[in-house]
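Working notes, beginning with the structure itself.
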Amino acid sequence: NPAAWEGNLKLVLASPSSITKTVHYAADPHETMSDILLAMHSHAGSGPDCVRWITLTLVRSAEARGTRFNEIDLEGKVWHIPAERMKMGKQAHSVPLTSEAVKLIQRRRREVEGDLVFPSPVKGGVLTDVAVTKAFKRGRAEGTIHGIRSAFRDWAEEQAYPSSVAERCLAHQVGSEVERAYLRSDLMDLRRKLLTSWQTYIWPKAGLRLVAND
């Protein structure tokens with residue numbers, strides 16, 4: 001087969017990955033995150049609260065929208081996301097919860113029924129990505145929801161936090177396979193300190209809280 005890749009075209013042509021242009025998610029600068037949260041302050045409901053949850057935990061949209069109360073350990077202040085709900089579906093991820101994240105979960109427990117933390121107000125079930133994006137835009141955000149993670153990463157780098165800790169906050173794999181085999185710690189305490197510092201940095205001005213009606 002003259003069009004076969006393996007053993008044929010692969011030997012004479014560049015790999016697709018080497019010539020494909022990488023397109024990054026549009027992201028708002030980290031300096032604007034506090035203003036975005038302030039502009040969203042009067043908006044309540046699953047969409048706005050899911051945006052707040054993503055901002056505090058730095059998880060992906062799908063992971064946040066599917067949050068369930070039975071995954072939350074309020075006593076230990078940890079959110080345990082099962083492997084099947086993570087991007088690659090291979091490894092579970094635990095997120096240390098800051099003080100505002102805990103308050104948000106406690107309030108959502110009082111406001112909603114069922115196990116989904118951010119149920120769709122229209123059809124029930126998991127909230128759509130569109131609903132979360134619309135809520136984010138109410139804060140006059142110009143970037144994407146995923147861009148919140150990028151804003152955090154830029155800020156953490158500028159503050160000289162260890163790259164390994166920041167990457168773990170984003171549930172990214174760190175180092176080579178050999179390095180990961182030797183580093184068994186999930187860096188939970190260090191990640192908790194970093195997320196607490198991030199919370200302090202994005203805290204809205206004038207003493208307003210991150211969660212509406214709290």
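The values are calculated or read from the model by the stated rules, or taken from the named source; none is laboratory data. Predicted model, so just to flag it, every value in this text is computed and none were measured. A quick note on method: Cβ atoms are made from the backbone with ideal geometry, for glycine too, and the neighbour counts reach across all protein chains shown. The accessibility values were calculated without ligands, DNA or RNA, using every heavy atom of the protein model including side chains. Shrake-Rupley method; radii C 1.70, N 1.55, O 1.52, S 1.80 Å.
The residue of the range 56-101 that is nearest to the chain's Cα centre (by Cα), among those that are charged (D, E, K, R), open to solvent by 50 Å² or more (accessible area, probe 1.4 Å) and under 17 Å from Leu170 (Cβ atoms), is Lys87.
Among the conditions (1) at pLDDT below 95; (2) closer than 18 Å to Leu56 by Cα, the only one that Thr133 does not satisfy is (1).
Filter the range 204-213 down to residues that are crowded, with 16+ Cβ neighbours inside 10 Å and modelled with pLDDT of 55 or more and give me whichever is nearest to Ala44 (Cα to Cα).
Of everything passing the filter in the range 204-213, Val211 is nearest to Ala44 (Cα to Cα).
Here the range 153-165 is the region considered, the condition is being hydrophobic (A, V, I, L, M, F, W, C) and surrounded by 13 or more Cβ atoms within 10 Å (Cβ to Cβ), and the residue that is modelled with the lowest pLDDT is Val165. Screening Ala14, Ala26 for residues that are closer than 12 Å to Ala141 by Cα, open to solvent by 20 Å² or more (accessible area, probe 1.4 Å) and modelled with pLDDT under 90 leaves exactly one candidate, Ala26. Of the residues making up the range 31-47, those that are farther than 17 Å from Gln199 by Cα and not in a loop (DSSP other than H, G, I, E, B) are Ser46, Gly47. Being more than 15 Å from the chain's Cα centre (by Cα) and either more than 21 Å from Ile36 (Cβ to Cβ) or at pLDDT below 95 (or both) holds for only one residue in Arg168, Arg110, and it is Arg110.
Within the range 72-93, is there a residue that is touching a residue at least 24 places away in the same chain (Cβ under 8 Å) and in a helix (DSSP H, G or I)? Within the range 72-93, none of the residues are touching a residue at least 24 places away in the same chain (Cβ under 8 Å) and in a helix (DSSP H, G or I).
Scanning the range 113-140 for residues that are among the hydrophobic types (A, V, I, L, M, F, W, C), open to solvent by 10 Å² or more (accessible area, probe 1.4 Å) and touching a residue at least 40 places away in the same chain (Cβ under 8 Å) returns Leu116, Val126, Ala131.
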